[in-house]
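The values are calculated or read from the model by the stated rules, or taken from the named source; none is laboratory data. Quantities reported herein were computed from a predicted structural model and do not represent experimental measurements. Cβ sites come from the backbone with ideal geometry, for glycine too, and all protein chains shown count toward neighbours. Protein only, heavy atoms only, side chains kept; ligands, DNA and RNA dropped before computing areas. Shrake-Rupley method; radii C 1.70, N 1.55, O 1.52, S 1.80 Å.
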Amino acid sequence: MLPEQRKRKIVELVSDRDGCSVDALADELDVSKATIRRDLDELEDERLIERSHGGAVPVTAVGREQTYGQKEVQNLEAKAAIGSRAVTEIHDGQVVFFDSGTTTMQVAMQVPTDISFIPVTNSPLLALELGKEATDVKLTGGTLRHRTRALVGPSAEAFMERTNFDLLFLGTNALSDDGSLTTPNEDEARMKQLMVESAERVVLVADETKFGERSFAQFATLEDVDVLVTDAEPTGELAETCSAADVTVGVEAG
């Protein structure tokens, strides 16, 4: 197989399977892992795929949404660092909502055991993590989206409309330079909007790969955010937007 044919096949496999590992591609195409890694680097330069930890995923588009499993292995060190800084926002006696997602999972994993608070989430995965310390966890209920493992829909929205929270750990798929927070799915956008409306204090947790990006459905702006916890200092227009919105930026490098 010629190099160009091989690279076309790689793009096809990565797209059809919503991501492939280097090992799987090397076995499938009967070439070395070094060759696959070189091909992936070239394909990423051409914006035909996106590199991930140990492999590649389809290139991100406005309406495209990666699975929870794909996001789970990306930027782990940065997300863990963000989680470590974010948990310092929790205080005794608070009602704290944890948005679904892989960055908020890192927050949940690092919650101090010496703080007493009421955790609430729309993620069964986060509920299991938060409940490890014999803590009762409140779930929104609703329909489980397979792609992101998030609870959405009328039942979940009804729960949100009748509850209030002291603190919200909010995730986002994209944070544009003008401060818009967006996500690919309308049902999840509605849930995030309700989270923001119900929270006294909003802590956005997002690594720098979300900066300057945009997705399909807007659910909030930086004007709705009190603290941005990230792994790199925002620059340029985004930094100006954070300042204008009076957002406190906490940087914790991974």
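Just a few scattered comments:
- Evaluated with a Cβ-only charge set (Lys, Arg +1; Asp, Glu -1), the chain carries a dipole of roughly 800 debye about its Cα centre, given to the nearest 20.
- Shape call, segment 137-243: gyration tensor on alpha carbons, a/c limit 1.5: prolate
- Stokes-Einstein diffusion coefficient of segment 82-172, Kirkwood radius over Cα pairs, 37 °C, 0.692 mPa s, in µm²/s: 250
- Anisotropy class of segment 3-58 from Cα gyration tensor, a/c 1.5 cut: rounded
- When you count the other C-beta atoms within 10 angstrom of each residue and take the mean per peptide, 101-114, 22-35, 44-57 line up highest first as 101-114, 44-57, 22-35.
- Percent carbon-and-sulfur accessible area, segment 68-251, ignoring ligands, DNA and RNA, probe 1.4 Å: 44
- For segment 124-254, the dipole from Cβ point charges (+1 on Lys and Arg, -1 on Asp and Glu) about the Cα centre works out to 740 debye, to the nearest 20.
- Evaluated at q = 0.08, 0.09, 0.17 Å⁻¹: base-10 log I(q)/I(0), Debye formula over Cα of the chain: -0.33, -0.42, -1.26
- Per residue solvent-accessible surface (Å²) - the chain, probe of 1.4 Å: 48
- The Cβ shell under 10 Å around residue 237 holds other residues with a net charge of -3, Lys and Arg each +1, Asp and Glu each -1.
- Length available on full extension from residue 27 to residue 146: 0.36 nm per residue minus the Cα-Cα distance, which gives 40.0 nm.
- Signed unit charges on C-beta, dipole axis of segment 178-245, positive-most listed residue 234, 206, 184: 184
- Rounded to the nearest 10 Å², the accessible area of residue 243 at probe 1.4 Å: 90
- Residue 5/residue 201 FRET efficiency (R0 45 Å; Cβ-Cβ; nearest 0.05): 0.25
- Normalising the average separation of contacting C-alpha pairs (under 8 angstrom, six or more residues apart) by the number of residues puts the relative contact order of the chain at 16 percent.
- Relative to one another, the C-alpha centroids of segment 232-254 and segment 5-62 are positioned 33 Å apart.
- Radius 10 Å from Cβ of residue 193, net charge of other residues (Lys, Arg +1; Asp, Glu -1): -2
- Here the simple spin-label model places points 7 Å from the Cα toward Cβ, and for residue 115 and residue 12 these points are separated by 5.1 nm.
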